[in-house]
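Okay, structure first, notes after.
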DNA sequence: GTTCCACGCGTTTTT
DNA sequence: CGCGTGGAAC
């Protein structure tokens, strides 16, 4: 089996798969068979007979990626793969913390806070400390905490010699205490806690270092400092770490990912030579050439040039639209004709830089009755009704979870108001207990309603404890009153459906677990347990296994709801065209790709221009977008676009200019817009636009102000002088006519928005 | 305790 | 322009 797959690989792929001399860095270009290499390597290791399944650790960034890998491997290997650690960083750290929860100082059933929970936890903390949230913004505190954790820093580790961050640091510290008290961890905490556990506990560290002889990491360019440190700690003196990544596809710098980890890895893990996967099996020549030409404009690349032997294909079709609605309209026209010519709708994707752009596209698509699906956006488990139901389950599981308590104590409304909660908070801090427990100490100080709530939770816990998971969820939805509440709500039917869906998810989850744990291990090789018991550290391993098996289905399910998007529920609409941001398109591929809104200020995004490495990250983003296309690629941009309620004018994106003209085929200019639309009902709009064209004068990327004769001189990047604020650089502008405003970053006076009709700005 | 309106804000996001 | 948050009125 493995020989046959191995033969189907190209030379660099073979070299990577069979590499056997320490750590390896594989530079895998877009569409170069990265996942194939990773999975084949795992199969190769297992089939060699020298590597135990249990000594493999494989890390990915998304659940989707790890599931896909697991699926591919299990289809190629007749063994039970349960002993292999494969998953996301967060999933694996969670696994480790559950197993060693005592050493990690956590309750076994600790709950995981998502971003929303984390924010409300921070707000609550700030309230108890009487901190003005107008002066210190909770979201800023959240960002501060998360970025500190991403760098592996606790509050006490943060250098504050300049004294700027004292308040943030104190809040970070208090927040950690609060989480600890409540038995909850946030996403960053999963990793940091796991890292600290391994640092602190020598026995455990040696055990895992000894166990994981082979570590494989996908999307290495997306690792942050904390994840790097975790990998480093887990790999022993003789590491076999197999890192796969593509520096050109690093697009998550803004959330702490650090491409320089690749170079760091090469040095610190003594990588002898880097393997480059440069043959692309996805896209036609014009598409690939364009991607290569674009990315050449970036500095500091590890370097790589993709090639294909599947022919040039079609040029990139470029569309210039008068405005965003013409753009959307043209796209939908083109998509309709593609579908008529038998392109499968699900093979068509429209990409955009920011979510706000999807609205107008959806509007036009809807109008034509084409079915579509918007990728990303709201997670199933983020819906309010789902979070409510889950909060009941969480409180049943862990009565210390104050976040869960506060979410549901008065939902559905049961006449428990702020006052009662405040009293509980006082009692709780007096006794150093949770809000839920504090009810026991209240002794008649409170209304009966609270006692009813307490009894409700207790009764539900008792009644549900022996039930299968799905029945338990069902019972909670009924007992809590959620069912009744949404049934009586005017537009509660969709929410009811979602709650039903939650029960379905719970029952599906349970059966998945059963299938997973009953995979027969009678394939003639040692079972997982046998393999593990042969290990030197069998005592710890036995504990591992026991601990994992002992976790209640509810704990497992709640973890699942925090760590997974619930995307699989929304797997409907196979025949629909796909809409998504460029970010969420990473890792995906489609026959036809439309990259829309290719305008200066939008893509590259204006905010990126003032950030370190910002433009280069935007260019990598564009590179990712281009390389999603298999057969056909379209670019579109609009001269003017409605943003935040007003029109803004943009010139076409520099990224279009960076692609050789011979790769492009201009299929529509703005002038042609006015006659090209097939939509008759648009006529009056067209006429209005024509009028606008006559009365307004657009300059691309230039301010048109009737009050300022030399307006075309005010360009982004120009230095200007203001009598009061001194010299500054123009960062941005918006509006036109007497509304025109410019954003100026002054050398000594910060960044300000100034109305051109009022402020006097001289070009320096 | 609930409801409603005003205000402010608006890149990308997985876990 | 459209949404979510929060404070004030009922």
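Here, each number is a calculation from the coordinates, and none is a lab measurement. The structure displayed is predicted, hence computed values, not measured ones. Please note: Cβ atoms are built from the backbone with ideal geometry, for glycine as well, and neighbour counts cover all protein chains shown.
Remark: relative contact order (chain A) = 16 percent; criterion is Cα-Cα distance under 8 angstrom and separation of 6 or more residues.
Dividing the mean sequence gap of close Cα pairs (under 8 Å, 6+ apart) by how many residues segment A:397-442 holds gives a relative contact order of 44 percent.
Where a ≥ b ≥ c are the square roots of the eigenvalues of the C-alpha gyration tensor, would you call segment A:1-52 rounded, which needs a/c under 1.5, or, failing that, prolate if a/b is larger than b/c, or oblate? Could you put the intermediate results ahead of the total?
Numbers: a/c = 1.95, a/b = 1.29, b/c = 1.50.
In terms of gyration-tensor shape, oblate.
Highest average first, the peptides A:159-169, A:495-505 ordered by how many other beta carbon atoms sit within 10 Å of their residues are A:495-505, A:159-169.
For segment A:244-369, the equivalent ellipsoid derived from the alpha-carbon gyration tensor has semi-axes of 36, 20, 13 Å in decreasing order. What is segment A:1-113 by shape, rounded, prolate or oblate, if you read a ≥ b ≥ c off the alpha carbon gyration tensor as root eigenvalues and call it rounded for a/c under 1.5, prolate for a/b larger than b/c, and oblate otherwise? Prolate shape, in that a/c is at least 1.5 and a/b is the bigger ratio.
Any chance you could tell me what percent of the C-alpha pair distances in segment A:322-465 go past 23 Å? Provide the component values of the computation, followed by the final result.
Numbers: 5667 of 10296 pairs.
Tail of P(r) above 23 Å: 55 percent of Cα pairs.
With neighbour counts taken as other beta-carbon atoms within 10 Å, the residues A:99, A:126, A:622, A:612 rank, fewest first, as A:612, A:126, A:99, A:622. With N the number of residues in segment A:362-413, Rg(Cα) / (2.2 N^0.38 Å) evaluates to 1.75.
Over all pairs of different C-alpha atoms in segment A:149-266, the reciprocal of the mean inverse distance, the Kirkwood hydrodynamic radius, equals 15.9 Å.
Is segment A:102-143 rounded, prolate or oblate when judged by the Cα gyration tensor, a ≥ b ≥ c being the square roots of its eigenvalues, rounded requiring a/c under 1.5 and prolate requiring a/b larger than b/c?
Numbers: a/c = 3.09, a/b = 2.25, b/c = 1.37.
Prolate.
Compute the orientation-averaged projected area for chain A from the convex hull of its Cα atoms and round it to one decimal in nm². Please list the in-between numbers first.
On the way: hull surface 149.0 nm².
Computing the convex hull of the Cα atoms and averaging its projections yields 37.2 nm².
Can you pull the percent of Cα pairs in segment A:37-193 with separation above 21 Å? Write out the running numbers ahead of the final one.
Working: 6851 of 12246 pairs.
Tail of P(r) above 21 Å: 56 percent of Cα pairs.
In this simple spin-label approximation, residue A:300 and residue A:489 carry label points 7 Å from Cα along the Cα→Cβ vector, and these lie 4.8 nm apart.
Can you give the FRET efficiency to the nearest 0.05 for residue A:274 and residue A:589, using r as the Cβ-Cβ distance and R₀ = 25 Å?
Details: r = 25 Å, r/R0 = 0.98.
Result of the calculation: an efficiency of 0.55.
The calculated P(r) of segment A:119-196, using every Cα pair and 10 Å bins from 0, goes 18, 56, 25, 1 in percent.
Site pair residue A:763 and residue A:166 shows an inter-label distance of 4.8 nm when each label is modelled 7 Å from Cα along Cα→Cβ.
Taking the number of other C-beta atoms within 10 Å as the exposure measure, put A:7, A:296 in order starting with the fewest.
Values: A:7 8, A:296 13.
Final ranking by Cβ density, sparse to dense: A:7, A:296.
Applying 1/(1 + (r/R0)^6) with r as the Cβ-Cβ distance of residue A:236 and residue A:344 and R0 = 56 angstrom yields a FRET efficiency of 0.70. For chain A, the mean residue ellipticity at 222 nm estimated from helices alone is -14000 deg cm²/dmol, where every DSSP H run of n ≥ 4 contributes -39500 (n - 2.57) and the total is divided by all residues, rounded to the nearest 500.
Could you work out the relative contact order of segment A:148-271, using alpha carbon pairs under 8 angstrom and six or more residues apart, expressed as a whole percent? Mind dumping the intermediate values first?
Numbers: 127 pairs, mean separation 31.0, N = 124.
Here the relative contact order equals 25 percent.
Ranked by Cβ crowding within 10 angstrom, fewest neighbours first, how are A:319, A:476 ordered?
Numbers: A:319 25, A:476 28.
Placing the least packed residue first, the sequence is A:319, A:476.
In this structure, residue A:367 and residue A:143 have a Cβ-Cβ separation that, at R0 = 35 Å, corresponds to a calculated FRET efficiency of about 0.35.
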